[in-house]
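Below is one structure, written out as structure tokens; the observations come after it.
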Amino acid sequence: MSAPALFQPLTVGGLTLANRIVIAPMCQYSAEDGCMTDWHAQHLGMLAQSGAGLLTIEAAAVVPEGRITYGDVGLYDDASEAALARTLEAVRRWSPMPVAIQLAHAGRKASSDLPWHGGAQIAPDAPHGWQTVAPSALAFEDGQTPPVALTTEGMAAIRDAFVAATVRAARLGIDAVQLHGAHGYLLHSFLSPLSNRRTDAYGGSLENRMRFPLEIFDAVRAAFPADRPVTMRVSATDWVDGGWDVNQTIAFSQALEARGCAAIHVSSGGLDPRQAIPVRPSYQVPAARAVKAAVGIPVVAVGLITDYEQAEAIVATGDADMIALARTILYDPRWPWHAAAHLGARVHAADQYLRCQPRRFKTLFDE
Ligand SMILES: Cc1cc2nc3c(=O)[nH]c(=O)nc-3n(C[C@H](O)[C@H](O)[C@H](O)COP(=O)(O)O)c2cc1C
């Protein structure tokens, strides 16, 4: 049997990953004023013992108004940086797993309630609410308070906030930055013609709609150490006629590659409530395959990847270079161990846990 593709190392930008399993960013809605809490140390500490190749920290807002909810993590002031530093120190003391962070601005989907409180928009004048901003003054859903259309000065301030957060991430020793260009948040809402109705240089043609996300990418890339990767997460399609689609995603991915982007992470949807998503196992993999065929940089596939053979096949057939797991790895935080055991590969385990290696998998753990 040939060595499993899922457990081959891969170099992304200057960063070498032990295997092709990426832990996707997952908001925990458990921060206080943008500051991580003990929950994050427990949650990220648990995931850092999973044997995955890369841990991605949840969407971290670059300004307070860029948080989806008042419980979101931020990286916008000294207090939020110090809280992240404490969490990172706890995680890194006991795990060699590289750590990436997703930098984000939620745009018109900000000022929402916690998901377990229903997730509805909170009005700007209500407790925990604020006025949202977006490319155009179009609400995400009927009945919501619409966002304020950003001026070019407002856009410049957001770009500067992305840079400031990147400088903080670099100072913390974070191994990679992922920009959140997916799920209907600010950067995606500039890309999609459904949410971007601007008539200036940032709206209209595909080139104009890509301009602000690419400016942010350039500014972040310039602010992060050259030997550490900056990547982009995209929604490959809005799943709505007349919206953002795979062909535009390919053009965006190629423009990013030309600017030094180290990888493209291919998700989908989140921009328009009319989206009709054919949710099934691997449902976003065809989009990842299309992007991979058009770029030379590594591509990550995500979405309902739950089985070991399914994950192995995605990487082995070349549909994508890596697979990312979200709900799958929350449900089973040792998924990479089980995948390695199933496929006959080796995986990292902490010294404290070496004694649990099952007898029938005598060479499972890297010593
Ligand atoms: C609890 C939770 C939080 C999430 N938070 C984020 C996030 O911060 N940033 C992001 O890009 N996607 C986020 N997502 C989406 C996941 O990263 C992933 O793309 C999606 O859940 C599909 O993968 P899965 O089928 O393995 O869950 C979140 C998903 C879940 C379940």
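Over the stretch 166-279, what is the relative contact order in percent, taking alpha-carbon pairs closer than 8 angstrom and at least six residues apart?
32 percent
Label separation (Glu32 vs Gln131): 3.0 nm, computed from points 7 Å beyond Cα along the C-beta direction.
With a ≥ b ≥ c taken as the square roots of the eigenvalues of the C-alpha gyration tensor of the chain, please select rounded if a/c is under 1.5 and otherwise prolate if a/b is larger than b/c or oblate if it is not?
Verdict is prolate for the chain.
Rounded, prolate or oblate: which fits the stretch 282-367, taking a ≥ b ≥ c as square roots of the Cα gyration tensor eigenvalues, rounded meaning a/c under 1.5, else prolate when a/b beats b/c? Prolate, since a/c reaches 1.5 and a/b exceeds b/c. Around the amide H of Gln178, modelled in the peptide plane, lie the amide H atoms of Ile101, Gln102, Leu103, Thr231, all under 5 Å away and 5 or more residues distant in sequence or on another chain. Overall, the accessible surface of the stretch 206-341 at a probe of 1.4 angstrom is composed of carbon and sulfur to the extent of 52 percent. Working note: 222 nm ellipticity from helices only, DSSP H runs with n ≥ 4, each -39,500 (n - 2.57), summed and divided by the residues of the chain, gives -10000 deg cm²/dmol to the nearest 500. Using a 1.4 Å probe over the heavy atoms of the protein chains, calculate the carbon and sulfur portion of the accessible area of the stretch 37-121 as a whole percent. In the stretch 37-121, the share of accessible area belonging to carbon and sulfur is 56 percent. Note on Ala316 and Asp160: with the Förster distance fixed at 51 Å, the Cβ-Cβ geometry gives a FRET efficiency of about 0.75.
Per 0.36 nm of contour for each residue apart, how much would the distance between Asp307 and Met46 grow if the chain were fully extended, relative to their Cα-Cα spacing? Intermediate values should be presented prior to the final figure.
Values: separation 261, 0.36 × 261 = 93.96 nm, distance 2.05 nm.
The Asp307-Met46 span can extend by a further 91.9 nm.
Kindly state, to the nearest 0.05, the FRET efficiency for Ala201 paired with Asp241, given R0 = 25 Å and r defined as their beta-carbon distance. E between Ala201 and Asp241, to the nearest 0.05, is 0.40. Derived scalar couplings between HN and Hα for the stretch 301-308 equal 9, 8, x, 6, 9, 10, 9, 5 Hz in order, rounded to whole Hz, by the Karplus curve 6.51 cos²θ - 1.76 cosθ + 1.60 (θ = phi - 60°), x for Gly and Pro. Normalised per residue, the accessible area of the chain is 41 Å², obtained with a 1.4 Å probe and no contribution from ligands, DNA or RNA.
Specify whether the C-alpha gyration tensor of the stretch 180-307 places it in the rounded, prolate or oblate class, a ≥ b ≥ c being the square roots of the eigenvalues: rounded for a/c under 1.5, otherwise prolate if a/b is larger than b/c and oblate if not. Oblate is the answer for the stretch 180-307, as a/c is 1.5 or above yet b/c matches or exceeds a/b. Relative to the Cα centre, the charge distribution of the chain, modelled as +1 at Lys and Arg Cβ and -1 at Asp and Glu Cβ, gives a dipole magnitude of about 920 debye. Using a simple spin-label model with pseudo-atoms 7 Å out from Cα toward Cβ, Ala85 and Ala222 lie 2.7 nm apart.
The values are calculated or read from the model by the stated rules, or taken from the named source; none is laboratory data. What you see is a predicted model, and the numbers here were worked out from it, not measured in a lab. FYI the Cβ positions are ideal-geometry reconstructions off the backbone, even for glycines, and counts take in every protein chain you see. Note: accessible area is taken over every heavy atom of the protein model, side chains too, but ligands, DNA and RNA are not part of it. Shrake-Rupley method; radii C 1.70, N 1.55, O 1.52, S 1.80 Å.
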